[in-house]
Structures are given as C-alpha cells and as structure tokens.
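Visitor: Attaching a single structure in structure tokens format; questions to follow.
The values are calculated or read from the model by the stated rules, or taken from the named source; none is laboratory data. These numbers come from a predicted model, not from an experiment. Cβ atoms come from the backbone with ideal geometry, glycine included; neighbour counts cover every protein chain shown.
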C-alpha cells in the first residue's frame, strides 16, 4: 500500500510540474530494460505519419506531423513496456464519409475499406541503452550499471481480420540485458548481499490491433531467464505480460485501462489506467499509472526533431543468485525495486529511418532489496541519481 501511494504522489508531482507548457511525445526508456520497464506500455494516439510497415526508426521514433496536425508524434514508451513497436495506426487510406467524419477521425485513421500502401518490413530495427545508478558500494550505497540491447521483427498476424483493421503485425523481440552491481557491503550485522552481475535473456511478443476506429488493445507476453548464471533454477524463469484496452474518446484524448503482470516476488501485478492528451503536434500529456510522462518539442534541425520530457516510472526487476552470507550457500530469488523521476532530452529522425537517441538524468528513491529467503528479507537503500543514454536505428 505504501508503494502504491508513493507512485500516485510521484505521478501527481509530474503533472503539476508540467502546467506551464503543452508537451508531447518522447523517447521512451530503453526498450529492453534490464529493470523490466514492461509496465510502460505505449501511450500515444495514432499519428497520421506513422507506418507499421516501415523500419523501426519510423515507428519507434516517428517524425513530427505537419504544422497544425491534431495528433502529436508518438514514440514507443516501452517498455516499460515492450520494445520495438507503437500502438499507432499504420499508414492507411482515410475513412470515407466527408469532412464531418474526417474531423472526428483524422486523415490516416483506419477504416474497414482501407488498403495497405506498403509491404511489411520483417526487420524493424535495433536499439541499445546504458544506465548508471550512482553508488560507491560502501555500506548500503548500491550502485548499478544497466546495459541492454534488442532487435525487433514483424510478422503478419490476422492480417485481413475484421478485428485487426489497422493490420497490426505480430512483433517478436529477442533481448539481452546485463546488470553490474556495486555493493552492498556485508558484515556480521548487515547480511544483505548481491552478486557481481545478473543477466536477462528474453523473447517478447506484442500485438496491438484496432478492433474499430474507437476500440483497440495492447497485448503482449515476455518469457525469459533472469539470473546470475551461477545458478539456473525454476525461479530463474519469469513470464511477464500485459493486457490493456484503448478507447479513442476524441481526436485528442485516448483512454486506457488494463493490467500489467510483472512476475516479481514482491509485486506480481499492477493496474494500468489513465489517458493520453495530445492537444497538438508539439504537445502531449500521458496521465497514466504507473508511467506518467509529459513532453514537448523545442527545436528542429534538417534531419531531426528535438524534444524534452519529464517522466516517472516504477523501476526494478527480479533475479536468482546464490547468497554468500547464507550458512547453507542458499539459492534465492531477489527483487530490486525503486521509483524514478527523470528529466531528459531526445532527438528523433524526421524520416522513417535514421538514428534516434536520448539522454536523461533522474532522481531514484524508495529503493528496496527484497529477498525471498532472508534474513534480511527487506533492505531499504539510500536514494540516488541516475544517468541514462539510449540509441536506436
């Protein structure tokens, strides 16, 4: 209950701090995060320029829409969430019905009579990231280096089904993550310990169909091994996933509700609820639990658009290792959990292919280690600062 209250407070502070300016799409946290950013589902409304059948740079980091567009451009939030895709609608023909209907559903919104303009690209792209949570390893000042990489592939899936009017492909993403732990310092009275490193090896599948111009879904499942490789037991396997329904309330408001299954030892499941407001092509507000975000475009160059963003997230993960402080050399699962608030900048290509990236600085608090087989079972860690860098193509 304490954790839920802190997450709600963090989301409220983020929204309160963004009242001065309209804000919009963002580069998400690293797609294949070793800290399970599976909770950060894509939150955006479909921009008319996004094309699910173009290479990944065009769908993860879509270019800004034309001046005056009612849709903000969208980036993948994760993820958080799941890597390598966006819930945005592919580039299809505009719905029939004249100006009145076009005002409700902007150009590019799907219809039953829509026809594909391109063939699907199987290889969608790659991305990688590095994050550092500061800590010198003394006492409980735990430092963490996180390195991640993923590649995404698209396959036809219920391509011509009336329940998939946006022809959403099935997105398959293999991923690898490495975490390097610095600390904690164990003693006769402080028994908390961590392995020097842990690893993530997973396979992710995601599907984001539109059932109608109003209703859609964001569905996904991830299966992987999370351990330090010194041990491989049943608890090293984790299955995560999410099921989120979407409702296009207006051309600028999209509601979302569902659940996210984290499969950690302390927190198994989280509700996912909120809305996204995109008042114009330069501003966006993601009023969404558990991953609020506010962003705005502040500059453009010949090849890239530049954005600033303020975000919150529930970080952490779960792994297995062999405890050094146990008299019996015990194998145990453990969780690392935290809450993060970050301020960052990103650049996104103005074409459907190209390099995109981000850099952010964050404040990390409510840090905890949770051991299934203690003692100790719960250890509170001091707050710290985070630096994170991501690149994608």
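Visitor: Any residue at all in the range 274-282 that is more than 26 Å from residue 197 (Cβ to Cβ), modelled with pLDDT of 95 or more and under 14 Å from the mean Cα position of the chain (by Cα)?
Guide: No: zero hits.
Visitor: Also, I was wondering about something else. Yes or no: residue 357 farther than 30 Å from residue 138 by Cα and surrounded by fewer than 23 Cβ atoms within 10 Å (Cβ to Cβ)? Full working, then the answer.
Guide: Values: farther than 30 Å from residue 138 by Cα: yes; surrounded by fewer than 23 Cβ atoms within 10 Å (Cβ to Cβ): yes.
Answer is yes for this residue.
Visitor: Let me ask something else about it. Could you tell me which numbered condition residue 263 fails, if it satisfies all but one of (1) modelled with pLDDT under 95; (2) surrounded by 16 or more Cβ atoms within 10 Å (Cβ to Cβ)?
Guide: The single condition residue 263 does not satisfy is (1).
Visitor: So which residues in the range 323-341 are touching a residue at least 60 places away in the same chain (Cβ under 8 Å) and either more than 25 Å from residue 268 (Cβ to Cβ) or outside any strand (DSSP E or B) (or both)?
Guide: Once the filter is applied, which keeps residues that are touching a residue at least 60 places away in the same chain (Cβ under 8 Å) and either more than 25 Å from residue 268 (Cβ to Cβ) or outside any strand (DSSP E or B) (or both), the range 323-341 yields 323, 324, 325.
Visitor: Related question: State whether the residues of the range 370-378 include one that is assigned to a strand (DSSP E or B), more than 21 Å from residue 185 (Cβ to Cβ) and touching a strand residue (DSSP E or B) at 6+ places or on another chain (Cβ under 6 Å).
Guide: Initial filter on the range 370-378 (assigned to a strand (DSSP E or B)): 370-371, 378.
If we keep only those that are more than 21 Å from residue 185 (Cβ to Cβ) too, we end up with none.
No, the conditions are met nowhere in the range 370-378.
Visitor: Might you check whether a residue that is exposed (fewer than 15 other Cβ atoms within 10 Å of the Cβ), more than 21 Å from residue 288 (Cβ to Cβ) and at pLDDT below 95 occurs anywhere in the range 207-215? Before the answer, list the steps.
Guide: Just the residues of the range 207-215 that are exposed (fewer than 15 other Cβ atoms within 10 Å of the Cβ), to begin with: 212, 214-215.
Pick out the ones that are also more than 21 Å from residue 288 (Cβ to Cβ) and you get 212.
In the following step, the residues that additionally are at pLDDT below 95 were identified as none.
Among the residues of the range 207-215, not one is exposed (fewer than 15 other Cβ atoms within 10 Å of the Cβ), more than 21 Å from residue 288 (Cβ to Cβ) and at pLDDT below 95, which makes the answer no.
Visitor: Listed residues 354, 344; which is touching a strand residue (DSSP E or B) at 6+ places or on another chain (Cβ under 9 Å) and not in a strand (DSSP E or B)? Walk me through it before giving the result.
Guide: Working: 344 fails: not in a strand (DSSP E or B).
Selected residue: 354, the only one of 354, 344 that is touching a strand residue (DSSP E or B) at 6+ places or on another chain (Cβ under 9 Å) and not in a strand (DSSP E or B).
Visitor: Can I ask one more? Out of the range 167-185, which residues are buried (at least 19 other Cβ atoms within 10 Å of the Cβ) and assigned to a loop (DSSP other than H, G, I, E, B)?
Guide: The answer is 167, 168, 169, 183, 184.
Visitor: Condition first: closer than 30 Å to residue 211 by Cα, free of Cβ contacts under 8 Å to residues at least 24 places away in the same chain and either surrounded by fewer than 18 Cβ atoms within 10 Å (Cβ to Cβ) or touching a strand residue (DSSP E or B) at 6+ places or on another chain (Cβ under 8 Å) (or both). Can you find one or more residues in the range 273-294 that meet it?
Guide: First, pick out the residues of the range 273-294 that are closer than 30 Å to residue 211 by Cα: 273-294.
This time we only want the ones that are free of Cβ contacts under 8 Å to residues at least 24 places away in the same chain, so: 273.
With either surrounded by fewer than 18 Cβ atoms within 10 Å (Cβ to Cβ) or touching a strand residue (DSSP E or B) at 6+ places or on another chain (Cβ under 8 Å) (or both) added as a condition, the list becomes 273.
Checked the range 273-294: at least one residue is closer than 30 Å to residue 211 by Cα, free of Cβ contacts under 8 Å to residues at least 24 places away in the same chain and either surrounded by fewer than 18 Cβ atoms within 10 Å (Cβ to Cβ) or touching a strand residue (DSSP E or B) at 6+ places or on another chain (Cβ under 8 Å) (or both).
Visitor: Next question. Looking at the range 233-251, which of the residues that are in contact (Cβ under 8 Å) with a residue 12 or more places away in the chain, closer than 13 Å to residue 331 by Cα and more than 23 Å from the chain's Cα centre (by Cα) is surrounded by the most Cβ atoms within 10 Å (Cβ to Cβ)?
Guide: So the residue we want is 235.
Visitor: Considering only the range 350-393, how many residues are over 20 Å from residue 266 (Cβ atoms) and in contact with a helix residue (DSSP H, G or I) (Cβ under 8 Å, 6 or more places away or on another chain)?
Guide: Going through the range 350-393 one residue at a time, the tally reaches 8.
Visitor: Please verify whether the range 303-324 includes one or more residues that are within 30 Å of residue 354 (Cα to Cα) and surrounded by fewer than 16 Cβ atoms within 10 Å (Cβ to Cβ). Reasoning before the result, please.
Guide: The initial filter retains those residues of the range 303-324 that are within 30 Å of residue 354 (Cα to Cα), namely 303-315.
Now restrict to residues that are surrounded by fewer than 16 Cβ atoms within 10 Å (Cβ to Cβ): 303, 306.
Yes, the range 303-324 has at least one match.
Visitor: Being surrounded by fewer than 21 Cβ atoms within 10 Å (Cβ to Cβ) and over 17 Å from the mean Cα position of the chain (by Cα) is the filter here; which residues of the range 334-346 pass it?
Guide: Within the range 334-346, 335 is the sole residue that qualifies.
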